[in-house]
Amino acid sequence: MSRIKALFTSFIRGILNSYAQVFFSNHSLFAVFLILVSFFDIYAGITGLMSVIISNTAAYLIGFNRTFIRRGYYGFNSLLVGLGLGIFYQPSVELWLLVFFTSLLTLLLSVMLEGVIGKYYLPYLSVPFLLGIWMVMLASRRFEALDISERGIYMFNDMYALGGLNLVKVYDWFTRLALPDSLEVYFRSLGAILFQYHLFAGMLIALGLIIYSRIAFVLSLAGYYLAYMFFHLFGGDFTTLNYSYIGFNFILTSIAVGGYFIIPSRYSYLWVALLTPLTIIVIISAGTLFSIFQLSIYSLPFNVIVLLFLYILRFRERNLGSPQLVVVQHFSPERNLYSHLNYSGRFNPALPVNLSLPVFGEWKVTQGHRGEHTHQHDWQHAWDLEIVDEEGHAYSRSGKEPEDFYAYGKPVVAPADGWVEQIQDGIDDNAVGEINTVQNWGNTIVIRHTDSLFTKLSHLRKGSFKVKEGEQIKKGALLAQCGNSGRSPVPHVHFQVQNEPYIGAPTLEYPLSHIVHHAEDRQWLVAWDVPVKNDLISNIDRHKVLENAFHFVPGQSLLMNVSEQGSPMRQEMLVVKVDSLNNQYIECERFGARAFFRNEDNVFYFTGYSGSRRSVLYYFFLAHFKVVKGFYCNMSIEDPIPVDLFHNRVLLFFQDLVAPFFIFISSMYTLSYTRIQDQLSSPVITLNAACEARTLKSSSGHMDFETRIDEKGIKEFRVIRKNRVMEVTCI
């Protein structure tokens, strides 16, 4: 029974998204607006809905990707064809049959183009609709059983038949609105996307567009009015748009380029301005050509310009962020932007590999980049690492022998996954104070992490290598031991990053990932760090309690008792899952909300959230937005939260309007490692977190959390917001 219910829910979602996808959306309320508009002409609404149901049902029965069906990818082109047929022809049995077969044809065209265009990483947009509607329009000229629709000729009669005198009065009121001609055509162009040419239809779509996306609404106006200005600038006849309402091409092109396929920014808006004249050229030239066949160009200009632009962007060799293509599609320009900004700030996508220190424990940087002895010119980006005691000494006893130094003989490990590219061995250790300038680098290993990223570790101990050339190694794998070979007066590890696979290659400035800095009374974490001389640093030393608590695996479930002041206690089940793209997430069974996460060696991250904020999962997401799996008393870490997930909705509305140009609100997560009890027998760790919304650097909202963790996992956490407390116990 639950399987049938899930299938039915998925099918309904596919229908809604088929409407919303016309505007690149998956917003359910916006879909309801569009369905309502499609039924302004009752028969067009019926044929449109029929087309979606037929296409999605056939897609299920044939066995196409269910995720794509649910997202509306296979339904929205058939919807447009169905609406067009319903507007153009009188209702009849013959029309219903034509709708059935045309819906199948459009589905097949969609799947075919998914393969043909998709291999170039391009969307097929509404190309299946164009091919489908043109073919059926040409073929139907031979179908004598079909009658051309006369609806719309006697509009007041149609209105009276649908809703009586009251509907006629409402329609008459809208037609008498004293709107500028350009604005009236804008609204009618919006409605024309669904083959509805009423002013009220366009207004309703505009309202839905504002609810769905403020950026998309602004872009729709920008694209349309840019076209309006260019028509007048070049002396074009704007009545062309008023006659056919194909101005929706500018609207859809602007939304697609300005915020859906491209991250919204000043660059995306600039390209909207640059592409608008090209769209005008395609509209006029294609209209002239297609008039020979008595066919409308419909959305052809939009498809040509958007596909052409997205295709040429694939050939860029530089300036990849101007504009930036959307990598993970969130079906909202705002979420595309905020998620991109958050991801870039947290994960530094410009770095192909996260590099750690190649040693265990705390080491001191005795020479950093642009050093005073070596590390100069082409080899300036490197670190020398030694171990020191509490007094800052690098050795015990006399310090006259390499064995007296704390670093000597200590393990040297792989800073990241890779392959052993080159090993140089057989060079004796120097006496303390002596150097070998002939064999400068001493015993050395070069590791290949990508085709253009290598790390080199030098001055290693003779005969200590545990790997061989060509061997594949994992991060943290034992490579060799610290020695004193080459140009090394005292035992230390020389560590550098380079673009070439050779010993002696020039160095590359490249940061290390998640480095803990140690001082006498505190520790602090730096996510992306280039340590400097005298820094005492280490990798994160994982604590088994934290590592176990945040080791989520698919199939794992978390049952939570939730009690809140003024509300009865409830239970919510959270289940760990993985999607077809191997994205891991936690799902709330009650509300259907999802929190996506990444679980790296030493750090647990939540990366995104979708769904209801009434779910306990939302608070679990905020309380543990980023957790380092090592316990350092009184250490605090900060991480930015996407503003659309934690901020005042009124302020967020105004931020959305200007977000591509100026960000004036922010949200910050802070985690403090408060205390650990009974560390040896049965440790209990307490973490305190806070989320703060800021407006122009002033606090505008706050939420506090406290989590208690033992060796079995997360025991409980508390949420404090506006003097209300939520207690959550994990069963």
Along each of the three principal axes of the Cα atoms of the range 571-711, give the extent in whole Å, ordering the values from largest to smallest.
55, 37, 30
Distance check, please: which entries in Lys462/Lys533; Lys544/Lys715; Lys629/Lys712 exceed 18 angstrom between their Cα atoms?
Lys462/Lys533
So for the pair Asp417, Asp704, with labels modelled 7 Å out along Cα→Cβ, what separation do we get in nm?
4.2 nm
Grab the Cα-Cα distance for Glu589 and Met229, subtract it from 0.36 nm times how many residues apart they are, and report the gain in nm with one decimal.
124.5 nm
Over the range 680-731: Rg over Rh, Cα atoms, Kirkwood Rh:
1.13
According to the square roots a ≥ b ≥ c of the eigenvalues of the Cα gyration tensor, what is the shape class of the range 2-212, taking rounded for a/c under 1.5, prolate for a/b larger than b/c otherwise, and oblate for the remainder?
prolate
Would you list, by chain and number, the lysines whose Cα falls below 30 Å from the Cα of Lys119, excluding same-chain residues fewer than 8 positions away?
Lys577
Give me the one-decimal nm value for the distance between modelled label points at Ile42 and Gln472, 7 Å along each residue's Cα-to-Cβ direction.
6.6 nm
Taking a cut-off of 18 Å, what percent of all Cα-Cα pairs in the range 1-89 are separated by more than that?
39 percent
Filter the trypsin sites (Lys or Arg not before Pro) in the range 683-731 down to the DSSP loop ones having no more than 14 other Cβ atoms within 10 Å, then list what survives.
Lys697, Lys712, Lys722
Quick check: the angle from helix 199-212's long axis to the longest principal axis of the chain, C-alpha only, nearest 10 degrees?
10 degrees
PRE zone check, label point 7 Å out along Cα-to-Cβ of Asn499, amide N under 19 Å, scope the range 285-320, hits 316-320
For the chain, inverting the pair-averaged 1/r of distinct alpha-carbon atoms gives a Kirkwood value in Å of 29.8 Å
Sorted on mean Cβ neighbours within 10 Å (highest first), peptides 118-127, 309-318 come out as 118-127, 309-318
What's the FRET efficiency of Ile435 with His551 using the Cβ-Cβ distance as r and R₀ = 60 Å, to the nearest 0.05?
0.80
Give me Asp639, Asp428 sorted ascending by neighbouring Cβ count inside 10 Å, so fewest comes first.
Asp428, Asp639
Which distance in Å, rounded to a whole number, links the C-alpha centroids of the range 96-131 and the range 420-497?
58 Å
Tell me, what is the FRET efficiency for Lys533 and Phe68 to the nearest 0.05, using R0 = 45 angstrom and their Cβ-Cβ distance as r?
0.25
Could you work out how much longer the chain between Glu184 and Arg397 gets when fully extended? Use 0.36 nm per residue separation minus the Cα distance between them, nm to one decimal.
67.8 nm
Grab every C-alpha pair in the range 194-343, bin the distances at 5 angstrom width from 0 up to the longest one, and report whole percents.
2, 9, 18, 21, 19, 15, 9, 5, 2, 0, 0
In degrees, nearest 10, range 0 to 90: what is the angle between the Cα axis of helix 76-88 and the longest Cα principal axis of the chain?
10 degrees
Taking the radius of gyration and the Kirkwood hydrodynamic radius from Cα positions alone, what is the Rg/Rh ratio for the range 363-510, to two decimal places?
0.95
What's the local net charge at Glu692, with K and R +1, D and E -1, over the other residues with C-beta under 15 Å away?
+2
The range 520-579: Rg/Rh from Cα coordinates, Kirkwood Rh?
1.20
Virtual spin-label span in nm between Ile676 and Gln565, 7 Å along Cα→Cβ
3.4 nm
So the FRET efficiency between Trp379 and Val328, C-beta based with R0 = 45 Å and rounded to 0.05, is 0.70
Multiply the residue separation of Lys119 and Phe101 by 0.36 nm, subtract the distance between their alpha-carbon atoms, and state the gained length in nm to one decimal.
3.7 nm
Here the net charge surrounding Gly258, from other residues whose Cβ is less than 15 Å away from its Cβ (Lys, Arg +1; Asp, Glu -1), is +1
The exposure ranking of Tyr298, Tyr260, fewest beta-carbon neighbours within 10 Å first, is Tyr298, Tyr260
How do the peptides 544-553, 79-88, 615-624 rank, highest first, by the average count of neighbouring beta carbon atoms within 10 Å per residue?
79-88, 615-624, 544-553
For the chain, what is the relative contact order in percent, using Cα pairs closer than 8 Å and at least 6 residues apart in sequence?
8 percent
Mind checking which lysines have their C-alpha under 22 Å from Lys722, skipping anything on the same chain fewer than 8 residues away?
Lys697
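Read-outs: derived from the displayed coordinates by stated rules, not from any lab. The structure presented is a predicted model; accordingly, all values stated were derived computationally and were not measured. No Cβ is skipped: glycine too gets one built from the backbone with ideal geometry, and neighbour counts run over all protein chains shown.
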